[in-house]
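Undergrad: Here it is, the structure in full.
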Amino acid sequence: ECPAWLWLLLSLLSLPLGLPVPGAPPRLICDSRVLERYLLEAKEAENVTMGCSESCSLNENITVPDTKVNFYAWKRMEVGQQAVEVWQGLALLSEAVLRGQAVLANSSQPFEPLQLHMDKAISGLRSITTLLRALGAQEAISLPDAASAAPLRTITADTFCKLFRVYSNFLRGKLKLYTGEACRRGDR
């Protein structure tokens, strides 16, 4: 039998791949250091793109989730409603980052550091999705919650900097609030 620290190490090594690890601790996302790693990567990408101008334009508007959080309303939401909002935002953000990667691939002169950060963002979003599934976040969504969910508020991003800012804010805001509450409650 393997010690728990070995499973944690193996799980962390596989995170960049976004692959589920059989036998991995199901509540790995409840360890604040795991989410912190993705937050740091997102913030680093945002900082890199702050300094570039024309090469960091998306040349189109990409729809992304609005990351503003009404904390009073959020605390009053059922965990299932929070899960719906997080899953919808995560799905839209993943689509937006993939669209950003396609724009970058079609660019005549791609900004090299940007490609690395796009790849990290895609990998990070896949890993976060896997971690949320392991937490049981999808099971927290009941049919009434999904049916009564308000439409996801959106904004547009026209630069890679804004795209990465939304990514960073989403992780730091709704995702962190949801996982914190789900981990405290033990909802799975």
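Undergrad: Just subtract the alpha-carbon distance of GLU44 and ALA91 from 0.36 nm times their residue separation and send over the number in nm, one decimal.
TA: Extra length from GLU44 to ALA91 when fully extended: 14.7 nm.
Undergrad: Moving on to the next point. I need the shape label for region 32-133. Rule: rounded when a/c is under 1.5, else prolate if a/b > b/c, else oblate, with a, b, c from the alpha carbon gyration tensor.
TA: The shape class here is prolate.
No value in this document is a laboratory result; all are computed from the given coordinates. Keep in mind it's a predicted model, so treat the numbers as computed, not measured.
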